[in-house]
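All remarks here apply to the structure that follows.
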Amino acid sequence: MPIDKTKLPPGPKSKNPFGQLFEFRKDSIAFLTRIAKEYGDIVQFRVGPIRVILVNHPDYIKEVMSTQHANFIKGRPLEMTKKLFGEGLLTSEGDFHKRQSRIIQPAFHRKMIESYSHAMTECTLKMMESWEEGMQLDFREEMIKVSMDMAGRNLFDVDIKKEAPEIIEALEKISGLFERITMPFSEYLIKLPLPSNIRFFKARARLNDTIYRMIDNRRKNPVDNGDLLSLLLIAQEEDPDHMTDQQIRDEAITLFLTAFDTTSNALTWTWYLLSQNPEAEAQLHEELDRVLQGRKPTVADVEQLKYTRMVLGESMRFYPPSYVIARQAVNDFSIDQYTIPGGSLILTSPYLIHHDTRFHKSPEKYDPATWGQHQAETKSKYEYFPFGAGPRSCIGQNFAWMEGVLLLATIAQKWKVKHVPDHPVEFLQLINLRPKYGMLMELESRS
Ligand code: HEM
């Protein structure tokens, strides 16, 4: 059926079919902010043959993520990530996804998360063993290593320290390739023998080796401790045709990478934001001194560490690691007064919504207490959605909260973490929002 153009949303036009792509790729947050301001809460633009729709109001985001979710797939935006993740939980669709999700869920039940808490504090303390007064460290790297360590120990029961530098290097190469996701013809570019593609495939092979080694180790020393690897291997025993070795690899690599990539960015931004907001930092220190009285934090303290949680929550409002969440419409659908054709790419942006004065008081001010108040008062969870929403929301969010609160408490109890003033801070907008030049911080002992 021909498209009824009178029912399509407004948006910027360009004679060049890839005109908007250049602006989007250069700074997608700035581009999306501009078009939302100029054209409203539902905006369309084109990237070559692809129709892209920005949906920028909590009510409409709810339609896409929840009410009409069955009409949306991860689709094209995640096609390239499948080159790394395969058909794991993040990328798979439909009944297959539902079934995998049911198998994996128990690794994230409350009791399991609580059981991970001890290793979370221990990994943080271990990282701090080599820290000294006045030391300057790239905190992005520190946060990646410690989050990787926590994911390795808790989800797979392995010590990943030895492999960490190699995994980080492989991931840097892979990130370079992901920059191309938004490029036209990206699916064809990946097939060419370009040096960047060769580097990607080598890096992926190294990551696969690490993951297969974890699986082999567990097979040789079988334990059923309820962690992710146990669940996957039990599922294989019960249904080997469905849970193949390749599928275990896809789920394991998905969980391992998503576990530390997002969390390490959230934590890196948190340290930066605290260093720029001495009042919030002082209030955090006051809470830690009062609640912990010098003890190392445990799961029993988490409930009491209310301000610490607000610090993390406000950081994910201010700089949400997943700053854009995308879907592809399967069939035509209606939203507000518009009819959007099937096949369109739908973008929602936690960053835009979290910085919108209609939904957040003084959004450019970093204030953990205001975040706490907003959470207590607000009715719509689509005003704050760093973990996505609806049936495809983050399976690891409770893991991330536990890890974040315990890590912040363990470090900030002992150290003031100061941003090195001449170190540049800029966004690098890849799959996650991360600091382009790392995050150079200086340590000052609090005792
Ligand atoms: C601060 C930390 C984290 C943030 C901001 C975050 C953010 C997100 C978001 C926005 C989604 C939804 C994506 C979409 O709708 O397309 C998601 C999904 C997912 N996350 Fe997280 N995440 C975090 C931590 C974790 C951790 C610690 C794990 C694992 C231990 C994890 C595993 C996953 C998985 C497997 C999915 C796919 C779920 C599905 O589709 O069923 N994430 N995450």
Given charges at beta-carbon only (K, R positive; D, E negative), |dipole| of region 123-172 in Debye: 200
Diffing region 234-244: the Karplus 3J(HN,Hα) column from phi (6.51, -1.76, 1.60, θ = phi - 60°), in whole Hz with x for Gly and Pro, holds 5, 4, 5, 4, 6, 8, x, 5, 8, 9, 6
So what is the calculated 222 nm ellipticity per residue for the chain, using -39500 (n - 2.57) for each DSSP H run with n of 4 or more, over all residues, to the nearest 500 deg cm²/dmol? -16000 deg cm²/dmol
Cα radius of gyration and Dmax for region 36-76 (Å): 11.4, 30
Under-5 Å amide H pairs with His419, H placed in peptide plane, nonlocal only: Glu442
If you place +1 on the Cβ of every Lys and Arg and -1 on the Cβ of every Asp and Glu, how big does the dipole about the Cα centre of region 75-158 come out, in debye to the nearest 20? 660
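So how do 198-208, 365-375 stack up, highest first, on mean other-Cβ count within 10 Å?
365-375, 198-208
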Residue by residue, what Karplus-based ³J(HN,Hα) values in Hz, rounded to whole numbers, does region 141-155 have, using 6.51, -1.76 and 1.60 with θ = phi - 60° and x for Gly and Pro? 5, 4, 5, 5, 4, 6, 5, 5, 4, 5, 5, x, 5, 7, 8
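Relative to the compact-globule scaling 2.2 N^0.38 Å, provide the ratio for the alpha-carbon radius of gyration of region 304-447.
Numbers: Rg = 18.0 Å, N = 144, 2.2 N^0.38 = 14.5 Å.
Against the empirical 2.2 N^0.38 Å value, I get 1.23 for region 304-447.
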Would you mind estimating how fast region 318-400 diffuses translationally, via Stokes-Einstein at 37 °C and 0.692 mPa s with the Kirkwood radius over Cα pairs, in µm²/s? 226
Charges on Cβ only, +1 for Lys and Arg, -1 for Asp and Glu, centred on the Cα centroid of the chain; of Asn331, Phe108, Val299, which one is farthest towards the dipole's positive end? Asn331
Residues in region 91-107 reached by a label modelled at Thr244 [backbone nitrogen below 15 Å; 7 Å Cα→Cβ]: none
Size of the dipole of the chain about the Cα centre, Lys and Arg at +1 and Asp and Glu at -1 on the beta carbon, nothing else charged, in debye to 20? 1160
Between Tyr212 and Lys83, what is the label-to-label distance in nm when each label sits 7 Å out along the Cα-to-Cβ direction? 2.1
Calculated FRET efficiency for the pair Asp332/Leu194, C-beta based, R₀ 35 Å, to 0.05: 0.40
Quick query: amide H of Leu428 versus all other amide H atoms, modeled in the peptide plane; which residues come in under 5 Å with a sequence gap of 5 or more or a different chain? Arg434, Lys436
Per-bin percent of Cα-Cα distances, the chain [10 Å]: 4, 20, 30, 27, 15, 3, 0, 0
Using label points projected 7 Å from each Cα along Cα→Cβ, tell me how many nm separate Asn221 and Lys162, to one decimal. 1.2
Between Ser362 and Val420, what FRET efficiency comes out of the Förster formula 1/(1 + (r/R0)^6) with R0 = 41 Å and r the beta carbon distance, rounded to 0.05? 0.90
Which aspartates and glutamates have a Cα lying under 17 Å from the Cα of Lys26, excluding residues fewer than 8 positions away in the same chain? Glu179, Glu426
Stretch gain in nm, segment Gln276-Lys26, where the contour uses 0.36 nm per residue and the Cα spacing is subtracted: 87.4 nm
Cβ neighbours within 10 Å, averaged per peptide: list 140-148, 62-70 in order, most packed at the top. 140-148, 62-70
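For region 239-303, just say rounded, prolate or oblate: build the C-alpha gyration tensor, square-root its eigenvalues into a ≥ b ≥ c, call rounded for a/c under 1.5, and beyond that prolate if a/b exceeds b/c, oblate if not.
It is oblate, given that a/c is not under 1.5 and a/b is not larger than b/c.
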What list of ³J(HN,Hα) couplings, whole Hz, do you get for region 295-304 from phi and the Karplus terms 6.51, -1.76, 1.60, once you set θ to phi - 60° and write x for glycine and proline? 6, 6, x, 10, 4, 5, 8, 4, 4, 6
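Every number in this text was worked out from the coordinates using simple rules, so none of it is lab data. Just so it is clear, the structure is predicted and the values come from calculations on it, not from any experiment. For neighbour counting, all protein chains shown are included, and Cβ atoms are generated from backbone atoms with ideal geometry for every residue, glycine included.
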